[in-house]
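For reference, the structure is listed below as structure tokens.
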Amino acid sequence: MNQIEDVFPSRKDHSFWMTDAIHLAKKAYMEGEIPVGAVVVHHNKIIGRGYNQRERLKDPTAHAEILAITAAAGTLEDWRLTDCTLYVTKEPCSMCAGAIINSRLHQLIFGAYDEKKGCCGSLYQLCGDRRLESKTAVKGGVEEEKCLALLQEFFQAKRNPK
């Protein structure tokens, strides 16, 4: 296996883990939250899960990524998640990108790009920015169609309530 394959396993492997994140995004949707889900994987095991809960918790930081990172750090009993991968259904915002960098995640895999607020490739590229001492590898567009469809359906329903 070459070095690129070590960092980025096959799309099939990424799709496997993204399916769990999508399931969590659907849970957020059912609770009236923006449908974003996230899982942290360590040695082929999910050690942290999260989905958006800003409305429910009345907490502006209760994004899927933050909750998953917090859960993973609790599982490992360490804030350093250097051997972990975060799978999230939507490109992280600046706050979440900062948490990803600070937790030293090895890689970030996301589904839908966010041209308005995405800070891991679209608007900015914070993760992996050497000026921030970030070594997080980033790959977007995994299961993008499913992730995007869920977001579009949610916002369409918000605009046109029955």
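Residues in region 55-70 that are open to solvent by 30 Å² or more (accessible area, probe 1.4 Å) and either in a loop (DSSP other than H, G, I, E, B) or at pLDDT below 95 (or both): Lys58, Asp59, Pro60, Thr61, His63.
Scanning region 108-137 for residues that are surrounded by fewer than 22 Cβ atoms within 10 Å (Cβ to Cβ), closer than 20 Å to Phe16 by Cα and not hydroxyl-bearing (Ser, Thr, Tyr) yields a single hit, Ala137. State yes or no: is Leu151 aliphatic (A, V, I, L, M), open to solvent by less than 20 Å² (accessible area, probe 1.4 Å), touching a helix residue (DSSP H, G or I) at 6+ places or on another chain (Cβ under 9 Å) and closer than 26 Å to Met30 by Cα? Criteria met by Leu151.
For first residues located in region 121-144 and within 15 Å of Lys90 (Cβ to Cβ), partners that are hydroxyl-bearing (Ser, Thr, Tyr) and not in a loop (DSSP other than H, G, I, E, B) and lie 6+ apart or on another chain with Cβ distances below 6 Å form the pairs Glu143/Ser15.
Restrict the check to region 73-90 and report whether at least one residue is open to solvent by 20 Å² or more (accessible area, probe 1.4 Å), outside any strand (DSSP E or B) and under 30 Å from Gln156 (Cβ atoms). Taking every residue of region 73-90 in turn, none turns out to be open to solvent by 20 Å² or more (accessible area, probe 1.4 Å), outside any strand (DSSP E or B) and under 30 Å from Gln156 (Cβ atoms).
Please verify whether region 35-47 includes one or more residues that are hydrophobic (A, V, I, L, M, F, W, C), open to solvent by 60 Å² or more (accessible area, probe 1.4 Å) and either modelled with pLDDT of 95 or more or out of contact with any strand residue (DSSP E or B) (no Cβ under 8 Å at 6 or more places or on another chain) (or both).
Of region 35-47, the ones hydrophobic (A, V, I, L, M, F, W, C) are 36, 38-41, 46-47.
Add one more test, that the residue is open to solvent by 60 Å² or more (accessible area, probe 1.4 Å), and what stays is none.
Looking for residues that are hydrophobic (A, V, I, L, M, F, W, C), open to solvent by 60 Å² or more (accessible area, probe 1.4 Å) and either modelled with pLDDT of 95 or more or out of contact with any strand residue (DSSP E or B) (no Cβ under 8 Å at 6 or more places or on another chain) (or both), one finds none in region 35-47, hence no.
The values are calculated or read from the model by the stated rules, or taken from the named source; none is laboratory data. Everything quoted here is computed from the prediction, not taken from an experiment. Every residue, glycine among them, receives a Cβ derived from its backbone with ideal geometry; neighbour counts consider all protein chains shown. Accessible surface areas use protein heavy atoms only, side chains included; no ligands, DNA or RNA. Shrake-Rupley method; radii C 1.70, N 1.55, O 1.52, S 1.80 Å.
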